[in-house]
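The block underneath contains the structure these notes are about, expressed in structure tokens.
The values are calculated or read from the model by the stated rules, or taken from the named source; none is laboratory data. Keep in mind that what you see is a predicted model, and the values were worked out from it rather than measured. Heads up, the Cβs are rebuilt from the backbone with ideal geometry, glycines too, and the neighbour counts pull from every protein chain shown. Note: areas computed on protein heavy atoms with side chains; ligands, DNA, RNA excluded. Shrake-Rupley method; radii C 1.70, N 1.55, O 1.52, S 1.80 Å.
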Amino acid sequence: MRMLSYTAVTANGRITPVGFDAFYHMRRILYTTSNFPEYIRFDSYLNYPLGFEIGWPPLYDLLGASLALFLGAGNPDTHTVEFAGALLPVLLGTLTVIPVYVAALALFNRKVGVFSAAIFAVTPVHVYISQFGMVDHHVVEVLLSTAAFAFFILALKSSRDAGLSFAALKNLPSDRKMALPVVFSVCSGACFALLVYTWIGAPMLIGFIALYFFLQSVLDLKAGRKSDYLVICSASNLLTVLLLSAPLCIGVARPGLELSAMFLSWFQVCYVLALLAGVLLLGAFSSYIASRNLAWWYYPTLTLLAFGTGLFILKGLSAESYGFVVEGLKYFSGKGGILSSISEAGPLFFTTDGKFTLATVIGNFGLGFLAALAAVFLLGLEWRGEKFLPERVFFLLWTGFAAYLAISQRRFSYLFSVNVAILTAYLLMVLFGSLDVENEIKKLFRTGKKTGNLPEPNPDIGKKLKAKGRAKSKAKETAKAETKQKAKAARKSKSRIAASKPDYFKLVSALVLVGIVFVPSIGIVAGFSKQAVLIDEEWQDSLNWLETSTPATSYYTEPSKTPEYGVLSWWDYGNWIVYLGKRPAVSNNFQTGVEDSALFFTSGSEEQANSVLDRRSVRYVITDSKMIEGKFRYIAELAGKNIEAYYEIQTVKSGTGYQKVATIKEEFTTTELYKLHQLDGASLGNLRLVHESSRGTAAGNKAGDGNTVKIFEYVPGAKLSGSSAPNQTVKAELELSSNTGRSFVYSNTAAADENGYFEITVPYSTENAGNGNEAGEGKEVAGKGGVSAATTSGYTLTAGENSTRTGIQVRESDVLNGNRIEIEFS
């Protein structure tokens, strides 16, 4: 299932990663393979020219590099490294089946465990994050978190069987049964520690242990049970996390006692230490409440009151720390800040424009989500009262926690996929039980056998026949009795055969149920695997041109120093630019530089836009159709502007109901993005089109079919200056031809001052070598495509209605050096 994307990923003869973040993970894996075990911690190719410190923990990239070194016998080439990076998620995703089975086995039985593993293996959202080419750490998140939760479930279950308590701890070294829950807890903690070294969101899942501890201790106190087992399991778990993760976090932490959740720092150490202290304090408080025979509700009430008071005091003492807590809660609820522009951070049941939908749910889980809802209801009925054991409480709380994350942000659906698989398997087994499928299958395999086809011997009638056989006078009676007995035995045999025949309706119903669970998921996986690669041909073509036809930048393989120039585009495309184009990006998928990118594209002032390019040392700007058609809403939001300033949005009635229709306002046509992508840079003096993808739009630059990618070069521009009538508008025009053969006209205007002086900056030369095709600084290279003058007539300047100058020639050196060319109107 996870290798179905192989054809799409390798379609162009090389490994093309799936998604966006996968490209940067591949960059880190390549670097780590060459510098093992070092990894990129700071990258000068991001947030250009400032650079960016990478917050991703390194375990995933270290695993990828290790696999590459293994496959390449210690000296892998680039293709081997890329293949290893693409294969790693498949291996890790397949391994995740094991902890899923273990967790289901511990909670239910072997049958539920087997079906849970099978259903999980084809759950679309998990197949997506673990398919060939999806070089991302999400697959490790699921593997390690599921393993950690499975081990903790085993710890809770074995602690009950062993009667774990504080008093029994003295027998711990010699009593293997008593040691088992502690061992499971330690193993769970070890998985959490590895998770810390994989994902910056690990504290959220570790904190779930403390959340469960609080809820279970409340239930134990209410039921009059001791919570010794709970304190021991939870404390040993968190202590293991602390001991194993602290050296890793402190070892890579920046100088000083920095508390940052976005990097491995002292934050993770202090956080786990606080959770451990909280568990011990709450355990002691619970024991105190029980020993004093106080009402059980004192415990949760006073605990929550103390927590609220602590937050209030924190807000008064340190507004910054309080804000840090609030922002953390917002982050995991998908609200606020940059998350509003991330489509995968949107709610599960709503589209980006706020419409309710089930498409994402079905696309992620097939019909599993609906099955899970039914299963939770049945579990609530089955596990009532004494059957509501600690490990079952843990599973239901885990399910609710994962469901909340997935519903708040659809990108966390992969964490919920484990629970959906287990719950679906449970429901399937309940339905199988109602159909008595197991016995029907046994009957199916017994049918046709000869057992039961012969009449069974009757020992009683045999004795009678033997006694009567001595008397000849009773021979007829004996024969008659034997005949009756044979007939009776034959009737019993026929009845037994009929009873052993399987009920084919039940068997077919069971097959239908299996089909309902598996077939939709398999179909969904087969569908997205064929189009696994998100980067389209237009972007690949454009970035290949960027790499081969623009001046190379330095320090790509050792990104510790600042390169020569940067490339500005929207942040969605930053990782593509860095990995495929091998050029520094102002903004990328870490949301670096997004404010400047948004400001540039929404700017209505050429001077303001150029100031962004100057501040960021930008040489190339890349746009595409999607930025115009769909992404502009988010670009405007991050620029602090309302989309309604650019579009007039009306709700109109259609045949299928009401829908919103957006009409462009004049304000949108004045933005830098519109002038570049729709007008090819018309009215801009310092940006020139140097390359467009093969789906270049037609004359007039109306949106064509598919996506169009355009690359513009930022140049000083040649300055056409001279004299005309005072306050007269002067216009410069040049006919051009793009690398796709599309013809268009560049124009720019300027108003003469009261003395008649004018100056127009133009970015294109009239030399046919092609604009922007230099292989090195100042070198013109013909025959590489690019944009060139369509004729040899040069620029045409028009002043007013009657004054015209034609044949104005502008050399490439004039454009690159900002030379002035004097023009006089006769």
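Details
- For the stretch 365-426 versus the stretch 560-612, the inter-centroid distance based on Cα atoms is 42 Å.
- Rounded, prolate or oblate (a/c below 1.5 giving rounded, otherwise prolate when a/b exceeds b/c) for the stretch 202-251 by Cα gyration tensor: oblate
- Dipole of the chain computed with +1 at Lys/Arg Cβ and -1 at Asp/Glu Cβ about the Cα centre; of I441, N544, F528, farthest Cα towards the positive end is I441.
- Only protein heavy atoms count here; on that basis, with a 1.4 Å probe, R41 has an accessible area of about 100 Å².
- Pairs over the 22 Å Cα-Cα cut-off, from the set K631/K660; K355/K710; K641/K665: K355/K710.
- Loop-located GluC sites (Glu not before Pro) in the stretch 507-572, at most 16 other Cβ atoms within 10 Å (DSSP): E564
- Cross-link partners of K626 among aspartates and glutamates (Cα-Cα below 18 Å; sequence separation of 8 or more within a chain): E344, D353, D536, E537, E538, D541, D572, E637, E672, D680, E692, D705
- Separation between Cα centres of the stretch 52-67 and the stretch 129-201, rounded to whole Å: 23 Å
- Mean Cα-pair separation over length for the stretch 88-222, i.e. relative contact order, pairs under 8 Å, 6 or more apart, %: 24 percent
- Percentage relative contact order, the chain, counting C-alpha pairs under 8 Å, at least six apart: 11 percent
- Measuring how big the stretch 118-216 is from its alpha-carbon positions, Rg and Dmax come out at 16.4, 53 Å.
- Between R14 and I250, the contour length at 0.36 nm per residue exceeds the Cα-Cα span by 81.1 nm.
- FRET efficiency for the pair Y757 and E667, taken as 1/(1 + (r/R0)^6) with r the Cβ-Cβ distance and R0 = 35 Å, rounds to 0.70.
- Per residue, in Å², the accessible surface of the stretch 39-146 once ligands and nucleic acids are set aside, probe 1.4 Å: 31 Å²
- Peptides 411-418, 31-38, ordered by how many other C-beta atoms sit within 10 Å of their residues on average, highest first, read 411-418, 31-38.
- Of the complete DSSP H runs in the chain, those spanning 24 angstrom or more by Cα along the long axis with a mean Kyte-Doolittle score not below 0.0 are 78-95, 138-162, 176-196, 202-223, 228-252, 266-291, 298-317, 390-408, 413-435, 504-530.
- Spin-label model distance (nm) - A223 vs A73, 7 Å beyond Cα toward Cβ: 6.0 nm
- Fraction of the pair-distance distribution of the chain above 39 Å, Cα-Cα pairs, percent: 53 percent
- Shape call, the stretch 33-137: gyration tensor on alpha carbons, a/c limit 1.5: prolate
- Partner aspartates and glutamates whose Cα lies under 19 Å from the Cα of K442, excluding those fewer than 8 positions away in the same chain, are identified as D503.
- A straight Cα-to-Cα reach below 12 Å connects K582 with the aspartates and glutamates E547, residues fewer than 8 places away in its own chain not being considered.
- Cα centroid separation, the stretch 348-362 to the stretch 509-528 (Å): 22 Å
- Summary of packing: across the peptides 435-443, 643-651, the per-residue average of other C-beta atoms within 10 Å ranks them, highest first, as 435-443, 643-651.
- Spin-label pair A168/E822, simplified geometry with 7 Å Cα→Cβ offset, distance in nm: 10.1 nm
- When peptides 356-368, 614-626, 305-317 are ranked by their average number of other Cβ atoms within 10 Å per residue, the highest-first order is 614-626, 356-368, 305-317.
- Accessible surface of the chain, 1.4 Å probe: 60 percent of it comes from carbon and sulfur atoms.
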